[in-house]
Amino acid sequence: MKITIEKRPTKDGKKQNIRLVYWYGSHADENGKIKHNRKLEQLDLYLYATPKNSLERQHNKETIELVDQIKAKRITEAATGQHGFTDNSRINANFYSFFNQMMEAKKTNDSSGNYSVWKACLVQLKSYHPDESLTFEQITVDWVKGVKHYFDTTAKTKSGNPISSGTAAVYFNKVRAVINDAFAKGIISQNPLKQVTGIKAIASPRTYLSIDEVKALVKTDCRYSVLKQAFLFSCLTGLRWSDIHKLTWEEVSQFNGTHRITFNQKKTEGLQYLDIPPQAYSLLGEPGTGRIFQGLKYSSYMNTELLRWTMAAGIAQHVTFHAGRHTFAVSLLSNRVDIYTVSKLMGHSEVKTTQIYADIIDSVRKDAMHVIPSIF
């Protein structure tokens, strides 16, 4: 069998999606013409068609190296029978074992944020199908439809709330990736996904503040000073409440003449380095030891005070703490910071997650064109 790398341009021509092509033998069609047998493995990777800066060139370099590693791994797998499954036993191979192998590959490929999503997906999947002896023979169209329905209607978060449509879509895409990979490797001869559509994520509105509104908050008194400092810090750094809440002085250091925080994201468990501007550092107070924002608690009275404080500043929106993170992203994109850089600063594992904020900017620009008073 031969494996080649294929690059396919996106519709806008700005990027190239990458896939592996497995070539194995040939056959004659009904007209006697020789056709090559092949299967495709779509990799969740892309290249910039025409890199415009050092970040994009570095992205291309690292991606090409990763693709070469994956190709080499696939060649080895093919030579050893692909994951050790013999021709007679592939269909009886354990689905969860195969899922775990793909999940661990994400970890070794330096994608810890994505790895944590795979782990969360696996937890939900086992809630739907607890029997760990699940084989590929059981992965039928009905089984896939059942998983889709479970993610879309029944799956819940740790706190007991239904998962969002976006999360459901992400989880189902992981399951789809496993099944597609199994089909590409010949473990299953028919792909049940051909009869099952994906889950369409419904974008939820992002509440964010303008810079003028943030300035108004600075001038407005808040009952809890730690809440004021923490929320403004989120607006300037994009950190989630969970990461701000656990932030310690031991995670703050000086680097190249500025201050940097080095921490593991609470949500994704991914290690992140974040250089913070002087105005953000000033919100941390006097250096010490232990937690920085002592007294910051997730409670109904602090959430109520956040609303009271924002209303007192003349802000009519329903503001939650997460609005600080949204404000940070929208502010950067509004000031022409490229989306790849914003994605890295936000700690997103995929740029498409950051695209939501770019869509917000597009709507803001559109609205701006309609604020000019009539001249007729």
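Only the coordinates and a few stated rules stand behind these numbers; no lab work does. Owing to the predicted nature of the structure, the values given are computational and were not obtained by experimental measurement. Quick reminder, even Gly has a Cβ in these numbers, built from the backbone with ideal geometry, and neighbours come from all protein chains shown.
The phi torsions of the stretch 238-255, fed into the Karplus equation with coefficients 6.51, -1.76 and 1.60 and a -60° offset, translate into couplings of x, 6, 6, 4, 4, 6, 5, 4, 9, 4, 10, 5, 5, 8, 9, 8, 9, 8 Hz, rounded to whole numbers, with Gly and Pro shown as x.
3J(HN,Hα) along the stretch 301-307: 6, 6, 5, 5, 5, 4, 5 Hz, from the Karplus curve 6.51 cos²θ - 1.76 cosθ + 1.60 with θ = phi - 60°, whole Hz, x for Gly and Pro. Rounded to the nearest 20 debye, the dipole magnitude of the chain is 400 debye, with +1 charges on Lys and Arg beta carbons, -1 on Asp and Glu beta carbons, and the Cα centre as origin. Give the long-range amide H neighbours of residue 46: residues separated by 5 or more places, or on another chain, with amide H under 5 Å away, using H modelled in the peptide plane at 1.01 Å from N. Sorted by chain and number, the residues that satisfy this come to none at all. Each of 248, 341, 224 was placed along the dipole of the chain (beta-carbon charges, centred on the mean Cα), and the one lying farthest toward the positive end is 341.
A cut-off of 5 Å between modelled amide H atoms, ignoring neighbours fewer than 5 places along the same chain, links residue 135 with 95. Database remark: amide H of residue 276 closer than 5 angstrom to the amide H of 259, 260, 261 (H placed geometrically; neighbours at sequence offset of 5 or more, or on other chains; Pro and chain starts carry no H).
Taking the dipole about the Cα centre of the chain, with the C-beta of Lys and Arg at +1 and of Asp and Glu at -1, give me whichever of 159, 53, 134 is farthest to the positive side. It is 53. Among the trypsin sites (Lys or Arg not before Pro) within the stretch 173-234, those in coil by DSSP and having at most 11 neighbouring Cβ atoms inside 10 Å are 200.
The distance between label points at residue 39 and residue 355 comes to 2.8 nm (points 7 Å beyond Cα on the Cα→Cβ vector). Note on residue 73: lysines with a C-alpha under 23 Å away, same-chain residues under 8 apart excluded, are 2, 7, 39, 61, 106, 107, 119, 174, 185. When the chain is modelled as a GNM with alpha-carbon springs shorter than 10 Å, which of 282, 54, 343 fluctuates the most? Highest fluctuation of the listed residues: 54.
Once Rg and the Kirkwood radius are both taken over the C-alpha atoms of the chain, their ratio Rg/Rh works out to 1.03.
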